Amino acid sequence: MILDAPTAPAKFDGMEGELNPRESAEARLDEAAERLGLDEGIQKVLLFPSREVIVHIPVTLDDGRLEVFTGYRVQHSIARGPAKGGIRYSPDVTLDEVRALASWMTWKCAVADLPFGGAKGGVVCNPMILSQLELERITRRYTAELFEFIGPEIDVPAPDMNTNEQTMAWIMDTYSMHVRHTETAVVTGKPVQLGGSRGRVEATGRGAMIVVQQALARLNLNQKDPRVVIQGFGNVGGMAAKLMAEAGFKVVSIIEYDGAIYNANGLDIPALARHKRATGSITDFAGGENIDREEAFYLDTDILMPAATENVITSQNAHKLRTKILCEGANGPTTHLADKILDEKGIFVIPDILANTGGVTVSYFEWVQDRQGYFWNEQMVNERLAEVMVNGFRSVMEYGEKHAVNNRIAAYMLAMDRVAFAIKLRGIYA
Ligand code: NAD
């Protein structure tokens, strides 16, 4: 691939390269593009973001000092519809990271067949040392600076790391003040009282459970009470654990950053959640035994769901996994060099760009409901989510069979094919 534009991605070598999410994504995209026989020009279009906005936001701090924060918004693709993706607040946000995450959103939306492109945003700030009022001022000024670049038909932000329902409420309010009417569809992940969708909080965990159920049926594995190990007991992992336990799964172990807990008969998830709320940790839970985190990760199990952070399965440890199904609740938990080892071990991988699309799918439902002005009950949200997840799973399986590739490459091929098709159909305006 010939790259000569200034934003050409840097290549890394060795472990540093393996752990760079952009490197992993590109390795898989290159393979998917080659298998699809995608022409070089379209590949270039897909490699580069369509728009990058950088803003420097002056904000008055609570002590009266004036500070300037840098914010980004990257729209990777708008070929299939308005750009869609979260906004994160962190001292470590970089433009390169935001670019990689924006393209990830393009592929996810395409796998789920949602009429959205991909975007991501970020503000370089440390929310741990900022007051609520300072965060509100940062959010409102960031929104005002991006005013002409976002909107229900242009680019629809959502929460991400260190942003939440309250942040989305401020964005919605600021945008609405500028357009002189309430415009709820400008962001998703809002409080239900301000146009949010029922079922959004559970959506990513629920979607992951649905694709696991599809995989169990496809592989003819125990569907009654399969054993599950989950890494991460936050939104995705906590919800997946709760819903899976309710559906009869045996959640035998939960792994957190400070320890892991095990019960061969299945953990009582609501009780574990109460214990964590009370003590701040999952360890020393009366309904299980403390277990070494590594030992828990390599347990013999039907399903392993990393739902915490990226790069937890690498070329260094993939050979130790003893799971039949790997369901990637987190974004980027597996490096591209680990893929081959998982293939050789015959582990059935449900890749992140399929497994965790439940969240953006219900965000799409939120946008639809806001535009309709008609709000669905939770049952309707969950039924429609199930339909999207099952269709996504089946489409990935079909690509895998047709092209004799693993599930991850199949998911990338499906996504690239859909986006490339839209680009070709629209044509290049010039
Ligand atoms: P969260 O912050 O609610 O939960 C993450 C949990 O993982 C926390 O409890 C944290 O203590 C734990 N954790 C962090 N590092 C860990 C480690 N090394 N080992 C074990 N536990 C660790 O975040 P979340 O919203 O649940 O997101 C988790 C992952 O899922 C992220 O990769 C995120 O990008 C991805 N994701 C989230 C959504 C969503 O709707 N929330 C949607 C798609 C993808």
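The values are calculated or read from the model by the stated rules, or taken from the named source; none is laboratory data. The shown structure was predicted, so the numbers you read here are calculated from the model rather than taken from an experiment. Quick reminder, even Gly has a Cβ in these numbers, built from the backbone with ideal geometry, and neighbours come from all protein chains shown.
For the reader, a short list of remarks on this structure follows.
- Subset tally (residues that are of a type in the set (V, I, T) and in contact with a Pro (Cβ under 6 Å, 6 or more places away or on another chain)) for region 185-224: 2
- The residues of region 353-388 include none that are within 15 Å of the chain's Cα centre (by Cα) and either without any contact (Cβ under 8 Å) to a residue 60 or more places away in the chain or on the phi > 0 side of the Ramachandran plot (or both).
- Test: residue in region 189-205 that is away from the ligand (no atom under 16 Å from the Cβ), modelled with pLDDT under 95, polar (S, T, N, Q) and over 17 Å from the mean Cα position of the chain (by Cα): no
- Against the test of being in contact with a Pro (Cβ under 7 Å, 6 or more places away or on another chain) and either within 23 Å of A338 (Cα to Cα) or modelled with pLDDT of 95 or more (or both), the options E310, E256 yield a single qualifying residue, E310.
- Residues that are within 14 Å of the ligand (Cβ to nearest atom) and of a type in the set (A, V, I, L, M) were ranked within region 311-327; the one that is surrounded by the most Cβ atoms within 10 Å (Cβ to Cβ) is I313.
- Listed by first and then second residue, the pairs linking a residue in region 93-104 that is in contact (Cβ under 8 Å) with a residue 60 or more places away in the chain to a residue that is part of a helix (DSSP H, G or I) and not aliphatic (A, V, I, L, M), with Cβ atoms under 7 Å apart and 6 or more places separating them unless they lie on different chains, are D96/R22; A100/P21; A100/R22.
- When the criteria are applied in full, F297 fails the requirement of being buried (at least 18 other Cβ atoms within 10 Å of the Cβ), of a type in the set (A, V, I, L, M, F, W, C) and farther than 24 Å from N356 by Cα.
- Under the condition of being in contact (Cβ under 8 Å) with a residue 24 or more places away in the chain and more than 14 Å from the ligand (Cβ to nearest atom), the residues counted in region 270-289 number 5.
- Per this entry, Q214 is not counted among residues that are closer than 28 Å to L146 by Cα and either among the aromatic types (F, W, Y) or part of a helix (DSSP H, G or I) (or both).
- Residue ID - surrounded by the fewest Cβ atoms within 10 Å (Cβ to Cβ), chosen from residues in region 145-173 that are closer than 24 Å to V192 by Cβ and of a type in the set (D, E, K, R): E153
- Being small (G, A, S) and either surrounded by 17 or more Cβ atoms within 10 Å (Cβ to Cβ) or within 19 Å of T334 (Cβ to Cβ) (or both) is a property that A307 has.
- Qualifying residue in region 301-310 (condition: out of contact with any Ser or Thr (no Cβ under 8 Å at 6 or more places or on another chain), more than 14 Å from the ligand (Cβ to nearest atom) and closer than 23 Å to L243 by Cβ): no
- Single unsatisfied condition, Y142 versus (1) surrounded by fewer than 24 Cβ atoms within 10 Å (Cβ to Cβ); (2) touching a strand residue (DSSP E or B) at 6+ places or on another chain (Cβ under 7 Å); (3) over 26 Å from V388 (Cα atoms): (1)
- Any hit, region 151-168, residues being more than 16 Å from the ligand (Cβ to nearest atom), among the aliphatic types (A, V, I, L, M) and touching a residue at least 12 places away in the same chain (Cβ under 8 Å): yes
- Taken over region 398-430, the criterion of being aromatic (F, W, Y) and in contact with a helix residue (DSSP H, G or I) (Cβ under 6 Å, 6 or more places away or on another chain) is satisfied by Y399, Y412.
- Selection of first residues in region 320-335 that are within 23 Å of L243 (Cα to Cα) and of second residues that are crowded, with 21+ Cβ neighbours inside 10 Å and of a type in the set (S, T, N, Q), restricted to Cβ pairs under 6 Å at least 6 apart or on distinct chains, gives the following pairs, ordered by first then second residue: T323/T301; G329/N356.
- Candidates in region 215-258 are the residues that are more than 20 Å from the chain's Cα centre (by Cα) and among the polar types (S, T, N, Q); of these, the one that is farthest from the ligand (Cβ to nearest atom) is N220.
- Members of region 158-212 that are in contact with an Asp or Glu (Cβ under 8 Å, 6 or more places away or on another chain) and at positive phi: G189, G195, G199
- Residue selection: L326 satisfies the criterion of being more than 30 Å from V187 (Cβ to Cβ) and under 19 Å from the mean Cα position of the chain (by Cα).
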